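One structure is given below, encoded as C-alpha cells.
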Amino acid sequence: MKKYTIFILIFISIFTLFAGGCTSKQKKQTDLEKIIERGYLIVGVKTDSPPFGYYNSKNVLEGIDITLAKHIATAIFKEESPENIKFVKVTAQDRISKLNTKEVDMLVATMSVNNKRRLVIEFSDPYFETTQKIMVKPLSKIKTLTYFNKNGRLVVVMGTTGEKIIRLIAPNAQVIGAKTYREAYNLLLNDQADAIFGDDCILKGINEDKFKIVNRAYSKEYYAVAVRKSPDSEEMLNIVNSVIATLLDKKMLTVSKK
C-alpha cells in the first residue's frame with residue numbers, strides 16, 4: 001500500500017511538471033508579439049482615396065494613411081524599412097471583416113469613429129478630422145440633402161457613415177450605392193447621378209476641379225486607426241497612440257479637440 005501511494009505521488013508530480021511545461025510553451029502571444037515574430041506589419045489601406053491612400057503617377061502607393069502606417073511599423077520594429085510593412089487593399093464594405101478575420105493587423109483606412117463600430121473593433125486616438133458634404137456639378141443649384149427627398153439621384157459609398165446621415169435627413173432620397181469614391185466620381189462625371197455625399201477631404205482629393213463642393217457640413221468625422229477588440233491588441237494600440245501623439249506634436253497631423 002505504501003509503495004502504491006509513493007507511486008501515485010510520483011506520477012502526480014511528473015504530470016504536474018509536464019502540464020506546467022506545456023502551459024508555458026502554449027502561452028498565448030499578443031498581436032504585437034506575433035507581428036514582431038513574423039517580421040512585418042500587415043495594414044489594411046484604401047488605394048483610391050486621395051489624399052489618404054492612392055497610387056501616384058508612378059504607380060507608387062502614397063498618402064496620409066500610408067505615411068502614418070509606415071511610422072507605426074518603424075515604431076514597432078525600431079527601424080525604418082520597406083520590409084517592415086505590407087499593405088492590403090480594403091474597401092469601406094470589407095475593411096472590418098478583413099481586420100476581424102486577421103487578414104490584416106490593423107486598418108489605416110479613413111475609418112471614422114462611431115459607437116456602432118466600437119462594438120466590434122477598437123479605435124486609436126483620432127489622427128484626422130473632416131466633415132460630410134455634397135459634391136455637385138458646377139452649374140447645379142442643389143444646396144442641401146433635403147433636396148433629394150423629392151428630386152435627383154444621390155451617390156454614397158456603401159459602408160460609410162454617410163449612409164446613416166442620408167437615412168436621417170433625406171429618407172426618401174433615390175440613393176445609388178457605390179463601392180468606392182472613384183466609382184461614385186465616375187457616376188457623377190457620366191451623368192448617372194446628380195451629386196455625391198461623402199467625406200469632404202476625400203471629395204476634394206478626387207475632384208480634379210471638375211465639380212463644386214457645397215459648403216454645408218452635415219457631420220464632424222474623426223479618423224482613427226482600427227485594431228481588433230481584444231486584450232491581445234492593447235500593446236499594439238499603445239504604440240499606435242504614441243505615434244499619433246508624436247506626429248500631432250510635430251504638426252504632421254492636425255486634429256482639433258472634440
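The values are calculated or read from the model by the stated rules, or taken from the named source; none is laboratory data. A quick note: this is a predicted structure, and the numbers were derived from the prediction, not measured. Here the Cβ is made from the backbone with ideal geometry for all residues, glycine too, and neighbour counts use every protein chain on show. Side chains included, ligands, DNA and RNA excluded: accessible areas come from the protein's heavy atoms. Shrake-Rupley method; radii C 1.70, N 1.55, O 1.52, S 1.80 Å.
What the table below lists for this structure:
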{"item": "Trypsin sites (Lys or Arg not before Pro) restricted to DSSP loop in region 24-60 with at most 12 other C-beta within 10 Å", "result": "K27, K28, K58"}
{"item": "When the chain is reduced to its Cα atoms, the Kirkwood hydrodynamic radius in Å", "result": "20.6 Å"}
{"item": "Probe 1.4 Å - accessible area at T67, Å² to nearest ten", "result": "70 Å²"}
{"item": "Accessible-area order (highest first, 1.4 angstrom probe) of the listed residues R95, R228", "result": "R228, R95"}
{"item": "Carbon + sulfur, % of accessible area of region 123-258 - ligands and nucleic acids excluded, 1.4 Å", "result": "49 percent"}
{"item": "Degrees separating the helix 64-77 axis from the principal Cα axis of the chain, which is the longest one", "result": "10 degrees"}
{"item": "On Cα atoms only, tilt of 234-249 relative to the major axis of the chain in degrees", "result": "40 degrees"}
{"item": "E79 accessible area, assembled protein chains, probe 1.4 Å, Å²", "result": "100 Å²"}
{"item": "Span per principal axis, largest first, for the Cα atoms of region 146-258 (Å)", "result": "49, 32, 25"}
{"item": "In degrees, nearest ten, helix 2-25 long axis to first principal axis of the chain (Cα)", "result": "30 degrees"}
{"item": "Cα centroid separation, region 171-211 to region 32-73 (Å)", "result": "25 Å"}
{"item": "Å² of accessible area per residue within the chain, as computed with a 1.4 Å probe and no ligands counted", "result": "56 Å²"}
{"item": "Where Rh is the Kirkwood radius over Cα pairs, Rg/Rh for region 170-219", "result": "0.93"}
{"item": "Estimated dipole of the chain in Debye, rounded to 20 [Cβ of Lys and Arg +1, of Asp and Glu -1, Cα centre]", "result": "720 debye"}
{"item": "Accessible area, probe 1.4 Å, largest first, for residues S233, S219", "result": "S219, S233"}
{"item": "Approximate spin-label separation E62-E37, in nm, with each point projected 7 Å along Cα-to-Cβ", "result": "3.7 nm"}
{"item": "Extreme residue, positive dipole direction of region 41-126, given options V60, L99, V43 (C-beta unit charges)", "result": "L99"}
